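Just so it is clear, none of the values below were taken in a lab; they were calculated from the coordinates. This one's a predicted model, so the numbers in the text were calculated from it and none came from an experiment. Positions of Cβ are backbone-derived with ideal geometry, glycine not excepted, and every protein chain shown enters the neighbour counts.
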Amino acid sequence: MGILLQTIINGIMLGSIYAMVALGLTLIYGILNIPNFSHGALYMIGAYVAFFAISSFGAPYWLALIVAMVILFVMGMLVERLAFRPLYDKPLINSFIMAVGLILIFENGALAIWGPEFRQIAPLSDAVIRVLGTTITMQRVIVIISAAVLIVAVHLFIKKTRLGAAIEATSQNREGAQLMGINVHLMGGITFGLGTALAAVAATLVAPILLIYPMMGAPVIGMAFVIIIIGGMGSFFGAVLGGYIIGLLETLVSSYVTSYFTEAIIFGLLVVVLAIKPTGLFGKEH
Amino acid sequence: MFTNGRKKTIIYGLLLILAIVAPLVISNEYNQHIMVMCGIWVIAALALNLILGYAGQLNLAHGTFFGIGAYATALLIQKAGMPFWGALPLGCIITALLGLITGIPTLRTKGHYFPIATMCLGIAIYYVIARWDDFTGGARGIFGLTRPEAIPLPFGKEISFESTIACYYLVLFFVLVTIFVISRLVGSLSGKRLIAIRGNEELAQSLGINTMRDKVICFTISTLFAGLAGGIFAAYMGTLMAENAHFLVSFEMLLFVMIGGVATIAGPVIGGIFVPILTEELQFLGGMRLVVFGLILILTIRFLPYGIVGGIRMAMMRFGRGGKVQ
């Protein structure tokens, strides 16, 4: 019972991270119609920004989190403006290749500048909670709660603010939004920044538990794509729900079935899902 | 003056002679090794270009199929005790069969879903290879493969593949086979159907093209040649690691195709030769090398979407020599 509970908590924690990364990815997809493969690399940079804010500038954890968020927001806007916007009316494949180029630059740049060694941020709290004969670290609870708060905040931002409404309008109908006087390019930039900032927060939150290294984005981005395909690309709730489901599935499979082939099973499962329904489980036909 | 066709034949003939005499002039063993590797990448890049350039489907598992071909050939030699000359074709067939089996579900997806589906496929297969210790050697990989067996000739002579230069000619032979098969395929009616699918799949379908069948055939052939490149790679290198089947390998091949020039036969050949040589020349950059490649890729896609070949064609148009730009 204790082990099961611990596994579930770990699953929800991992799911929180996945949900945030997938949410950013799906928001960007909704507006710009590009699957941003470089999202995982930006996630990694977010973690490094927070790490250096703490280790080089002595910033407290929460401040580092905000710094990472702001810097990655700006970086996301820049990536959108400089890399993806010029390709907007070009064939789809050009955007994919652009993303591949960005991955090469970010990941190998990180490797060259910061080296391959693993780094870690000290957890915000070392406290341990004892429940049902098992122990849960406080940091895990912090991740779960912060992620939930943030996801709700993003939802409220989109549904309740004028800017959020403009973003939603742009993702629903680009031309229509433009006719209503919405600056669709600006919305694209803001959304790209917002999605990237979400990834940075996810990376910073999980950094005390998992480690920081140049390729840390690769496993997460793969999973995030699995999630948004299952949840329907561009769907807010699909990404969040899918994130928690995949996070739980991954921890349960690796604890109770096989820790060796967890990734193979999950990624293989996605191929099976697509074989049955080529537009994803909850995706709309197009 | 010569006609356009004659001129082309002469240029290709000269290039072929150049390829044949090159290793005789370049006697440095290390440079010869680079040339063998270029040949292997050219085969893989030509194969990727078939599905990407002509059918318009970005297969991000291409590097994985390269790895499957390498592992299949190596395991057939090592575990089944087959000679290289039996293991290589069988390895290619196994790769193509896996391509067929995985191509049918993934090619049903359209637009954004296909690269993502193939990326996931590539990750799944990579983890199987990297973790299945008993079968593939897991993270340790495969060691001690022997070079291809010598081909016996009459009068007690033989072609041995112990030297790098002999391996170069072996690879050159397969490069020529690949160029021949793929250019025939692209020039045929099915090649035109593929281009129609790339342009607009719904429209192609409404014209009575069985788009799914054409895409699956194209994908299978593409994986067959990826497997060929992998099989040669395995026998030539003698060692294999799971990293050889990593999906990042697909990115490298994408680099060859895009920088050389997508949707042309010359493009992947130029890219597969130019990029690895540039990689060697940029050794001094150390870790920043791949960053530079990322920049080159980005600038290419932004300003020269048809790569070096596209750039040459554009220049020829501008100076009135009658090239064609796509």
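Data overview
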| read-out | value |
| --- | --- |
| Projected area averaged over orientations for the protein assembly as shown, convex hull of C-alpha atoms, nm² | 32.0 nm² |
| Shielding of A:104-117 by partner chains, average beta-carbon count, 10 Å | 4 |
| Relative contact order %, chain B, counting alpha carbon pairs below 8 Å whose residues are six or more apart | 31 percent |
| Alpha-carbon centroids, region A:248-276 and region B:160-229: separation in whole Å | 33 Å |
| Selection from A:61, A:14, A:190, by position along the positive dipole direction of chain A (Cβ) | A:190 |
| Rel. contact order, % - alpha carbon contacts under 8 angstrom, at least six apart, chain A | 38 percent |
| Peptide ranges B:56-65, A:94-103, A:146-155 listed from the most packed, as the mean C-beta count within 10 angstrom indicates | B:56-65, A:94-103, A:146-155 |
| Set of lysines near residue A:277 by C-alpha distance (under 16 Å), chain-local residues within fewer than 8 positions excluded | B:110 |
| Cα-projected label distance for residue A:119 with residue A:156, points at 7 Å along beta-carbon direction, nm | 3.3 nm |
| Stretchable slack from residue B:183 to residue B:284, in nm (0.36 nm times residue separation minus alpha-carbon distance) | 32.6 nm |
| Ordering of B:201-208, A:32-39, B:219-226, B:5-12 by burial proxy (mean other Cβ atoms within 10 Å per residue, highest first) | B:219-226, A:32-39, B:201-208, B:5-12 |
| Estimated distance in nm for a label pair at residue A:82 and residue A:210, the labels positioned 7 Å out from Cα along Cα-to-Cβ | 2.7 nm |
| Inter-chain Cβ neighbour average for residues B:296-307, partner chain, 10 Å | 4 |
| Axial C-alpha extent at least 27 Å, average Kyte-Doolittle at least 0.0 - helices from chain A (DSSP) | A:2-32, A:92-114, A:138-160, A:184-206, A:236-256 |
| Centre separation in Å (Cα based) which lies between region A:162-213 and region B:25-40 | 49 Å |
| Within the protein assembly as shown: Cβ-based charge dipole about Cα centre, in debye rounded to nearest 20 (Lys, Arg +1; Asp, Glu -1) | 1580 debye |
| Percent RCO, i.e. relative contact order, over region B:71-165, from Cα pairs under 8 Å lying at least 6 residues apart | 24 percent |
| Within chain B, helix-based [θ] at 222 nm, where runs of 4 or more DSSP H residues each add -39,500 (n - 2.57), nearest 500 | -23500 deg cm²/dmol |
| Positive-end residue, the protein assembly as shown charge dipole about Cα centroid, Cβ charges, pick of B:191, B:240, B:35 | B:191 |
| Amide proton proximity set for residue B:159, modelled H, under 5 Å, gap of 5+ | B:151, B:153 |
| For peptides A:204-213, A:251-260, sequence by mean Cβ density within 10 Å, most packed first | A:204-213, A:251-260 |
| For region A:24-218, size of Cβ-based charge dipole, Lys and Arg +1, Asp and Glu -1, in debye | 320 debye |
| Pair residue A:175, residue B:134: separation of 7 Å Cα→Cβ label points (nm) | 6.0 nm |
| Hydrodynamic radius of region A:24-218 per Kirkwood, over alpha carbon pairs, in Å | 17.8 Å |
| Averaged over A:87-99, number of beta-carbon atoms from partner chains that fall within 10 Å | 5 |
